[in-house]
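Participant: Starting off with a structure, shown below.
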Amino acid sequence: MSLDISTLFLVATLICALLGVMLHYFGRQEKMPALNWWGNAYLLGAITVALWTILSPIFGEAITLAMASIGFIACGMMWNAARVFHGLKPNWPGLFLGALAWLAAVASLPPEQEALRMTIGAAIVAAYAGLTASQLAAERRKSMHRRWPTIVVPLLHGAALMLPIVLADLWPSPHSGFAGNVWVVLFAVELVLYAIGTVFVIFMLVSERSVSLHKTAASLDPLTGMLNRRGFSEACARMIEREAMAGRPVSALIFDIDHFKSINDRFGHPAGDEVLKLFAAIVTNSLRISDLSGRIGGEEFAALLPCPIDEAVTAADRVREAFQNCGIEVDDAPVATTVSIGVAGGPAAVELEVLLAAADTALYQAKRGGRNRVVATVEQPVSLEESRRKAAQTREHQVVARGSEVGQAVA
C-alpha cells in the first residue's frame, strides 16, 4: 500500500490548523497567554506546511528553504509558549536564532552539501524540542510520574523528526527524488502524531494548573488572604511532620481580637472587615516567613511556629504591641485595637488539635486576666482526648462569662 505524500501533509496541515484555532479559543476563555503562543505556533506550522506543499513543485528548493526558516520560528514559539506557561518572559532572540542559524548554514554551504544542510535543520528542531521538554519539566514540585509526558513527547518529536531526515540522506530509498523517499512518509505521520500528542500534554498541564488554583482558592480566606481553617490545618500537618523528623519542638498561637463585636456595632461591618484585614497584615508581617498563620474563625486567628514556646511568646507579644499601636480610625474616630493571645508549646510530633486546645485554654486565661495580653500555658499537652476535654470546659466557662457580662449590661 502506497501513501500519497501530498495527502499526508494536507491532513497534517488541517489538523495543525484546527488545533491552533482550538488553542486560541481556550486561551481567550481561560485568559492564558501561553495557550495563545501555542495556538500561534500551530497556525504558523500549518501555514508553513501548506505553502511548502503547494509551492514547492513551482519554485523548487527556494521555497523549501524559506518555509524551513519559518518552521524553525514555529518551533521557537513552542519553546516560548512553555516559558510563558511557567511565568517567564518570551525569549525573543531564541525565537529567531534557529531560523538565522539555518539561513547561515544554507548561505555558507555549497548546494551539493544538501545532506549536511538537512542534518543541521534536523538538529535545530531537535534542540528546540529539548528546550521545550526541559522547560515543561521545570516544575520541580511535580513528581516525576506526573511530569513524564511533558518530557517524553517533545523529546520523541526531536528524535523522530531528526531520524527520518538524517536517514533519508544517509540511507535513501530506491525511489528517486525526495518526495518518493519512505522517510518523508514517516515524517508526515510523525508530524500528525506530535501535533495531537502535544495538545494532549498542553491540556494536561492546563488542567493541573486549574486544579491547583481551585485547591489554593479553597484553602484561603477571601477577606484576609490568609489560610482558612482547612488550609491552615493541612499546612500545619506538613510542618509538624517535618519538624518531628528533625526532632524540633513547635508552638501554637491563638489570637482573639478584643471586643470585636462592639467594633461592628459601633462602626458597622465594613469597618470590622477593615480591622480584620489590618490584623491579618500585622500577623503576617510580624511573624517569620517560616511560620504559618491563618484565620480559623470570625475574629479568631491562629499560627504555628517551628520554635520553643519562649520564642513563640516573644513573637506573640510583638503582634500584640503592633496591633495595639496601629492607630486605625473610622470617620476620624480612633478605634481601640487590642488582642488576647494564648500560646502553647509541644514536643516533636505533637498533634495540632492538642496544641490548639492547649493554646485555647491559655487564651481563655488571657481574656479572664483583663485582655490585651499574652498568656502561655504552663502544662505540656498530653493527649488529644484530654485536650478536647479541657477545651470543652473552657468553652463552657466562656459561655457562662459572656452570659454574665450580658446580664450586667442589661441591668
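Participant: Among the residues of the range 53-69, is there at least one that is of a type in the set (Phe, Trp, Tyr), surrounded by fewer than 19 Cβ atoms within 10 Å (Cβ to Cβ) and more than 39 Å from the chain's Cα centre (by Cα)? Steps first, answer last, please.
Facilitator: We begin by selecting, within the range 53-69, every residue of a type in the set (Phe, Trp, Tyr); these are 59.
Remaining after also requiring surrounded by fewer than 19 Cβ atoms within 10 Å (Cβ to Cβ): 59.
Narrowing further to those that are more than 39 Å from the chain's Cα centre (by Cα): 59.
Scanning the range 53-69, I find at least one residue that is of a type in the set (Phe, Trp, Tyr), surrounded by fewer than 19 Cβ atoms within 10 Å (Cβ to Cβ) and more than 39 Å from the chain's Cα centre (by Cα), so the answer is yes.
Participant: In addition: Which residue out of Leu23, Leu97, Leu44, Leu88 is part of a loop (DSSP other than H, G, I, E, B) and modelled with pLDDT of 85 or more?
Facilitator: Leu88
Participant: Taking the condition at pLDDT 75 or above, in a helix (DSSP H, G or I) and not hydroxyl-bearing (Ser, Thr, Tyr), does Met77 pass?
Facilitator: Yes.
Participant: Another question, if that's okay. I'm checking my understanding of the structure. Among residues of the range 282-319 that are in contact with a Ser or Thr (Cβ under 8 Å, 6 or more places away or on another chain) and part of a strand (DSSP E or B), which one is farthest from Ala217 (Cα to Cα)?
Facilitator: Taking the candidates together, the pick is Leu305.
Participant: Further question on the same structure: Can you tell me which of Leu352, Leu356 is modelled with pLDDT of 85 or more, in contact with a Cys (Cβ under 8 Å, 6 or more places away or on another chain) and either in the same structural domain as Ile309 (by TED's automatic domain parsing) or surrounded by 15 or more Cβ atoms within 10 Å (Cβ to Cβ) (or both)?
Facilitator: Leu352
Participant: If you take the residues in the range 210-255 that are charged (D, E, K, R) and farther than 16 Å from Arg288 by Cβ, which one is farthest from the chain's Cα centre (by Cα)?
Facilitator: Glu241
Participant: Further question on the same structure: Which condition number does Ser69 fail, the rest of (1) more than 30 Å from Glu114 (Cα to Cα); (2) at pLDDT 85 or above being met?
Facilitator: The single condition Ser69 does not satisfy is (1).
Participant: Here's something else I'd like to know. Taking into account only those residues within the range 102-141 that are at pLDDT below 65 and either of a type in the set (Phe, Trp, Tyr) or under 24 Å from Met77 (Cα atoms) (or both), which is surrounded by the fewest Cβ atoms within 10 Å (Cβ to Cβ)?
Facilitator: Arg140
Participant: What pairs can you find where one residue is in the range 271-286 and assigned by TED's automatic domain parsing to the domain that holds Leu305 and among the polar types (S, T, N, Q), the other is crowded, with 19+ Cβ neighbours inside 10 Å and assigned to a helix (DSSP H, G or I), and their Cβ atoms are less than 8 Å apart, with a gap of 6+ or different chains?
Facilitator: Ser286/Ala315; Ser286/Val319
Participant: With the requirement that a residue be farther than 13 Å from Ala336 by Cα and in a strand (DSSP E or B), what does the range 248-281 give you?
Facilitator: Across the range 248-281, the qualifying residues are Val250, Ser251, Ala252, Leu253, Ile254, Phe255, Asp256.
Participant: Report yes if Phe72 is out of contact with any strand residue (DSSP E or B) (no Cβ under 8 Å at 6 or more places or on another chain), assigned to a helix (DSSP H, G or I) and within 17 Å of Ala133 (Cα to Cα), otherwise no. Reasoning before the result, please.
Facilitator: Working: out of contact with any strand residue (DSSP E or B) (no Cβ under 8 Å at 6 or more places or on another chain): yes; assigned to a helix (DSSP H, G or I): yes; within 17 Å of Ala133 (Cα to Cα): yes.
When the stated conditions are applied, Phe72 passes them.
Participant: Moving to a separate point now. Of all residues in the range 320-337 being part of a helix (DSSP H, G or I) and surrounded by fewer than 16 Cβ atoms within 10 Å (Cβ to Cβ), which is modelled with the highest pLDDT? If you could, list the steps in order and put the result at the bottom.
Facilitator: The first filter runs over the range 320-337 and keeps only residues part of a helix (DSSP H, G or I), leaving 320-324.
Among the residues that remain, those that are also surrounded by fewer than 16 Cβ atoms within 10 Å (Cβ to Cβ) are: 321, 324.
Working: Glu321: 95, Gln324: 92.
Per the stated criteria, the residue is Glu321.
Participant: So which residues in the range 197-242 are of a type in the set (D, E, K, R) and modelled with pLDDT under 80, if there are any at all?
Facilitator: Scanning the range 197-242 gives Glu208, Arg209, Lys215.
Participant: Is it fair to say Leu355 is touching a Gly at 6+ places or on another chain (Cβ under 8 Å), of a type in the set (A, V, I, L, M) and either free of Cβ contacts under 8 Å to residues at least 12 places away in the same chain or within 30 Å of Gly268 (Cβ to Cβ) (or both)?
Facilitator: Answer is no for this residue.
Participant: May I ask you to list the residues in the range 283-295 that are more than 17 Å from Glu243 (Cβ to Cβ) and crowded, with 20+ Cβ neighbours inside 10 Å? I'd like the intermediate steps shown before the answer.
Facilitator: Start the filter on the range 283-295 by keeping residues that are more than 17 Å from Glu243 (Cβ to Cβ), which leaves 283-286, 294-295.
Those that are more than 17 Å from Glu243 (Cβ to Cβ) and crowded, with 20+ Cβ neighbours inside 10 Å: Val283, Gly294, Arg295.
The values are calculated or read from the model by the stated rules, or taken from the named source; none is laboratory data. For clarity, every value in this text was computed on a predicted model and none was experimentally measured. Neighbour counts are summed over all protein chains in view; Cβ atoms, including those assigned to glycine, are modelled from backbone coordinates with ideal geometry.
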